[in-house]
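Visitor: Quick one: the structure is below, questions incoming.
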């Protein structure tokens, strides 16, 4: 990452001073209401981009088509977990002025830090696989471009998105926000087409259950696609120097504002994820098309059931998802390397390395949708390696000071980590021995 890009993430560019001044005016009580909140909105929305990436498309569409509304409760629980985890990550950056990988390097033995870095890089590749393959698949569906050439085009587009960082973070934010707006609009219209059963939606949301190993696999993928480990690292970096509190009381106020940011951003991401699964349940599962487990099949089936316009909306949303989330994944990768081992490589070189597995998948003719689902399972296995250190730091009064976790927060975060680890172990057992 260039020095300029690193400073952008830390909120240290001169262009950010207006936001910082407005934020401090809010802290001093000179700005109130929505005007007082606006300077603090942003970090959670950048993080939320990763919660609507192509991996979410793959797991949610597959889950809805095969099991109907069965796994809606997983999306609800995963979204609540994401709010808790992202709030803790933001709080760590506010309290310490450091991001999670930097804290790990400072507090943990070198061998532990090295292992954490290696697994985080594997997670970064799995993340890039989902984003890259998803965008290439969208180009294939919309324009009929073969997957491998579509992958090369995606590479060019990805480099174009990254080039925006040279002009500052605001332009990148604007482009990402526009792409997320496209996704929201597309799925709002898809819900109109789907006409879901309200009673079944409520039952799916509040009745926890599974139906065989495949439902557990998809639930784990949904969890990995929602509580994403690389964004746990990133969010702490986005808040670490964005607005610096001059006292414990100011840090508490900053965190309260950022908590609103988290709830709004993660709430929107949860609604998008839920709408994906509901659409697949209403249009595919309820009409007997339970075999729609691949994104390309979903695209064609949408066209057959609701017309070409619905299919195009779906494809455009998928393309916007892949391109917007790619930048977030790359930023996270830079935070991981710089934080854990105090090294960095040029941004474009990192992007080239992490996109290589995706090009291999496309060139080898591996089922793209299945690769997306498996990539989300890999992400789920990476969650504890980010979540447990975050929990250790946030419950430590010496580290967090006035922002140390309350006992109830620590209990909730411990329950989340235990649930995720247990689900992963159960998945392994059922897959290999069940």
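The values are calculated or read from the model by the stated rules, or taken from the named source; none is laboratory data. If you're wondering where the values come from, they're calculated on a predicted model, not measured in any experiment. Glycine also receives a Cβ, built like all others from the backbone with ideal geometry; neighbour counts cover every protein chain displayed.
Visitor: Only one of 281, 310 is more than 20 Å from the chain's Cα centre (by Cα), in contact (Cβ under 8 Å) with a residue 40 or more places away in the chain, in a helix (DSSP H, G or I) and buried (at least 24 other Cβ atoms within 10 Å of the Cβ). Can you tell me which?
Guide: Values: 310 fails: buried (at least 24 other Cβ atoms within 10 Å of the Cβ).
Being more than 20 Å from the chain's Cα centre (by Cα), in contact (Cβ under 8 Å) with a residue 40 or more places away in the chain, in a helix (DSSP H, G or I) and buried (at least 24 other Cβ atoms within 10 Å of the Cβ) holds for just one of 281, 310, which is 281.
Visitor: All but one of (1) more than 11 Å from the chain's Cα centre (by Cα); (2) modelled with pLDDT of 85 or more; (3) more than 25 Å from residue 319 (Cα to Cα) hold for residue 38; which doesn't?
Guide: (2)
Visitor: Just to check your reading of the model, which residue among 180, 161, 201, 156 is part of a helix (DSSP H, G or I), within 30 Å of residue 73 (Cβ to Cβ) and at pLDDT below 85?
Guide: Going through 180, 161, 201, 156 in turn, just one is part of a helix (DSSP H, G or I), within 30 Å of residue 73 (Cβ to Cβ) and at pLDDT below 85: 180.
Visitor: If you don't mind, another one. Output the number of the condition that residue 269 fails; it satisfies all remaining conditions of (1) in a helix (DSSP H, G or I); (2) closer than 23 Å to residue 406 by Cβ; (3) touching a residue at least 12 places away in the same chain (Cβ under 8 Å).
Guide: Result: residue 269 fails condition (2) only.
Visitor: Take the residues in the range 206-228 that are surrounded by fewer than 17 Cβ atoms within 10 Å (Cβ to Cβ) and not in a loop (DSSP other than H, G, I, E, B); name whichever of them is modelled with the highest pLDDT.
Guide: 206
Visitor: Under the condition of being free of Cβ contacts under 8 Å to residues at least 40 places away in the same chain and in a helix (DSSP H, G or I), which residue from the range 109-150 is nearest to the chain's Cα centre (by Cα)?
Guide: Here is the first cut: in the range 109-150, the residues free of Cβ contacts under 8 Å to residues at least 40 places away in the same chain are 109-112, 115, 118, 143-146, 149.
When the remaining residues are screened for being in a helix (DSSP H, G or I), the result is 110-112, 115, 118, 143, 149.
Values: 110: 28, 111: 28, 112: 25, 115: 22, 118: 20, 143: 27, 149: 26 Å.
Taking the candidates together, the pick is 118.
Visitor: Confirm whether residue 319 is surrounded by 22 or more Cβ atoms within 10 Å (Cβ to Cβ) and under 26 Å from residue 220 (Cα atoms).
Guide: Working: surrounded by 22 or more Cβ atoms within 10 Å (Cβ to Cβ): yes; under 26 Å from residue 220 (Cα atoms): yes.
In short, yes.
Visitor: Also: Tell me, please, whether a residue that is in a helix (DSSP H, G or I) and surrounded by fewer than 20 Cβ atoms within 10 Å (Cβ to Cβ) can be found in the range 229-248. Steps first, please.
Guide: Initial filter on the range 229-248 (in a helix (DSSP H, G or I)): 229-239, 248.
Add one more test, that the residue is surrounded by fewer than 20 Cβ atoms within 10 Å (Cβ to Cβ), and what stays is 248.
Checked the range 229-248: at least one residue is in a helix (DSSP H, G or I) and surrounded by fewer than 20 Cβ atoms within 10 Å (Cβ to Cβ).
Visitor: Follow-up. Filter the range 379-403 for residues that are over 17 Å from residue 112 (Cβ atoms), free of Cβ contacts under 8 Å to residues at least 60 places away in the same chain and surrounded by 18 or more Cβ atoms within 10 Å (Cβ to Cβ) and give the result.
Guide: First, the residues of the range 379-403 that are over 17 Å from residue 112 (Cβ atoms): 379-381, 383, 394-395, 397-398, 400-403.
Filter once more, so that each one left must be free of Cβ contacts under 8 Å to residues at least 60 places away in the same chain: 395, 397-398.
Across the range 379-403, the qualifying residue is only 395.
Visitor: Only one of these is under 20 Å from residue 318 (Cα atoms) and either in a helix (DSSP H, G or I) or at pLDDT below 80 (or both): 377, 360, 353. Name it. Give the steps one after another, and end with the answer.
Guide: On the way: 360 fails: under 20 Å from residue 318 (Cα atoms); 353 fails: under 20 Å from residue 318 (Cα atoms).
Selected residue: 377, the only one of 377, 360, 353 that is under 20 Å from residue 318 (Cα atoms) and either in a helix (DSSP H, G or I) or at pLDDT below 80 (or both).
Visitor: Can I ask one more? For the range 13-35, name all the residues that are touching a helix residue (DSSP H, G or I) at 6+ places or on another chain (Cβ under 7 Å) and at pLDDT 75 or above. Write out each step before concluding.
Guide: Step one: filter the range 13-35 for residues touching a helix residue (DSSP H, G or I) at 6+ places or on another chain (Cβ under 7 Å), giving 13, 15, 19, 22-23, 26-27, 31.
Matches in the range 13-35: 22, 23, 26, 27, 31.
Visitor: If you don't mind, there's one more thing I want to ask. Got a number for residues in the range 363-373 being modelled with pLDDT of 75 or more and part of a helix (DSSP H, G or I)? Don't jump to the end; show me each part of the working.
Guide: First pass over the range 363-373, keeping only residues modelled with pLDDT of 75 or more: 363-367, 371.
Subset that is part of a helix (DSSP H, G or I): 363-364, 371.
Residues in the range 363-373 being modelled with pLDDT of 75 or more and part of a helix (DSSP H, G or I): 3 in total.
Visitor: Still on this structure, please answer the following. If I filter the range 186-198 down to residues being touching a helix residue (DSSP H, G or I) at 6+ places or on another chain (Cβ under 8 Å) and part of a helix (DSSP H, G or I), which single residue comes out as modelled with the lowest pLDDT?
Guide: So in the range 186-198, the residues touching a helix residue (DSSP H, G or I) at 6+ places or on another chain (Cβ under 8 Å) come out as 186-191, 193-197.
With the extra rule that they be part of a helix (DSSP H, G or I), the set shrinks to 186-191, 193-194.
Working: 186: 90, 187: 87, 188: 87, 189: 87, 190: 85, 191: 86, 193: 82, 194: 85.
Ranking the qualifying residues of the range 186-198, first place goes to 193.
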